[in-house]
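S.K.: After the structure tokens below, expect a handful of questions from me.
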Amino acid sequence: MNEAAVVHEAEIHRQHVRLKIPIRAEIAGDWYQVDDWSLGGLGIDSEPPKLREGEVFPVTLELPFEDFELTMHLEAELIYRLPDRPRFGCRFTGMTKGQISLFRQIVDRYLTGEIASPGDVLVALGRESFQPPRQPAQAGSAGKGRTLLGWAIMGLAGLALVSVLGWSAYQRFYRIHVTDARIEAPVYRLNAPVAGRLERFPIGEIVEVGTPIARVIGAVDLAEYELRSPCICTLGEWKVADGAGVGAGATTALLISAEEPLKVTAMLPLAQARELAPGLPVRIDLPGEAAPRTGQIERVELKAPLDDLAGGRGRVRGDGAVPVVIRPDEPLPFDMLGTPVSVDLR
């Protein structure tokens, strides 16, 4: 590692040496590439997340090694965002002495090139952190006590490191992180019974079951055919302009259910979706919320509905991704309908 890998940033005063080693950071559900960080915090050349300066939030760091990644879960505080270009900085908060020591040892060994595998991490840290204290020449009860204490510290430190490495492996190989997810609600199509001309009716924000939404003046018999709401709904979108012609069976409007709770639909590759089952816990990261929400898988739509197959518009996409429907443990506000989110499964 040459000297260019360690630099001092002059634009803002720092208490720690800045490291030019690429890592990844997950903040508010989004992943950022970080190449300027230290034991004190990190700086990122990107549009800042929707967080206030001084707000504390969870951050996940991924440190890449030769054939594995080490994942660390910390807390950070947004300390600045530059007004003239997309860049922001965060300061780590609440780190324990053990976390600081472990972080420092990993960075030191990383810089010297001594770490290339999980086994190298154990060996490298064991050279300094896990050695029992040397005993004085006159061994006595005090010396034996110090020996036992040293071995106890060594054992606890070893267990802590094994836990960190095990959690890192779990995060990489068993956790499914999905960013192709969105908050959704049941959608109803209001179709024209005959060909004719559409006339819309004025409606409120919420319509009850059976409320007339529009009518179609038949092109042949000039009869009036009312289109009524099939649910307690809110209008999502008109598909036909007022006074325009419409074909028989064509969709005139989309109605969104207002009485059923919002859910999250995540699109997963078929191979991963087959490994999931209803009831599995899920973590949901919403934009602008520091703390994640929890939920569980409601269903995995491995089989497309028959009407979708007949119409050629099945939800199984061309890339093989299928929808996994997630039910949040707490209701989501209706104004979040359509919001993209990220989820962690398993």
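S.K.: Which residues, counting only those in the stretch 56-76, are open to solvent by less than 40 Å² (accessible area, probe 1.4 Å) and more than 19 Å from the chain's Cα centre (by Cα)?
M.R.: Residues satisfying the conditions are Phe65, Phe68.
S.K.: Please find, within the stretch 321-335, the residue that is nearest to the chain's Cα centre (by Cα) out of those that are surrounded by 13 or more Cβ atoms within 10 Å (Cβ to Cβ) and over 20 Å from Glu301 (Cα atoms).
M.R.: Leu332
S.K.: Are any residues in the stretch 261-282 open to solvent by 40 Å² or more (accessible area, probe 1.4 Å) and closer than 23 Å to Val207 by Cα, and if so, which ones?
M.R.: The answer is Pro261, Lys263.
S.K.: Now for a separate question. Starting from the stretch 26-38, take each residue that is more than 16 Å from Arg87 (Cβ to Cβ) and touching a residue at least 12 places away in the same chain (Cβ under 8 Å) and list its partners that are outside any strand (DSSP E or B) and open to solvent by less than 20 Å² (accessible area, probe 1.4 Å), counting only C-beta distances under 8 angstrom and pairs at least six apart or across chains.
M.R.: These pairs meet every condition: Ala28/Pro49; Ala28/Leu51; Gly29/Leu286.
Yes/no matrix, rows are residues, columns are (1) under 18 Å from Pro22 (Cβ atoms); (2) part of a strand (DSSP E or B):
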residue: Pro58; (1), (2): no, yes
residue: Glu62; (1), (2): yes, yes
residue: Leu70; (1), (2): yes, yes
residue: Leu78; (1), (2): no, yes
residue: Pro83; (1), (2): no, no
residue: Cys90; (1), (2): yes, yes
residue: Gln99; (1), (2): no, no
residue: Leu102; (1), (2): no, no
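S.K.: Spot the failing condition for Ala192; the list is (1) of a type outside the set (Phe, Trp, Tyr); (2) open to solvent by 30 Å² or more (accessible area, probe 1.4 Å); (3) farther than 30 Å from Leu280 by Cβ, and only one is missed.
M.R.: Against the list (1) of a type outside the set (Phe, Trp, Tyr); (2) open to solvent by 30 Å² or more (accessible area, probe 1.4 Å); (3) farther than 30 Å from Leu280 by Cβ, Ala192 comes up short only on (2).
Rundown of residues vs (1) in a strand (DSSP E or B); (2) on the phi < 0 side of the Ramachandran plot; (3) at pLDDT 85 or above; (4) crowded, with 18+ Cβ neighbours inside 10 Å, yes/no style:
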position	(1), (2), (3), (4)
Ile217	yes, yes, yes, no
Val220	no, yes, yes, no
Gly243	no, no, yes, no
Ala248	no, yes, yes, no
Glu259	no, yes, no, no
Ile284	yes, yes, yes, yes
Gly288	no, no, no, no
Ala304	no, yes, no, no
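The values are calculated or read from the model by the stated rules, or taken from the named source; none is laboratory data. It should be emphasised that the depicted structure is a prediction, and the values quoted were computed from it without experimental measurement. Quick reminder, even Gly has a Cβ in these numbers, built from the backbone with ideal geometry, and neighbours come from all protein chains shown. To get the accessible areas, we keep the full protein, side chains included, count just its heavy atoms, and leave off ligands, DNA and RNA. Shrake-Rupley method; radii C 1.70, N 1.55, O 1.52, S 1.80 Å.
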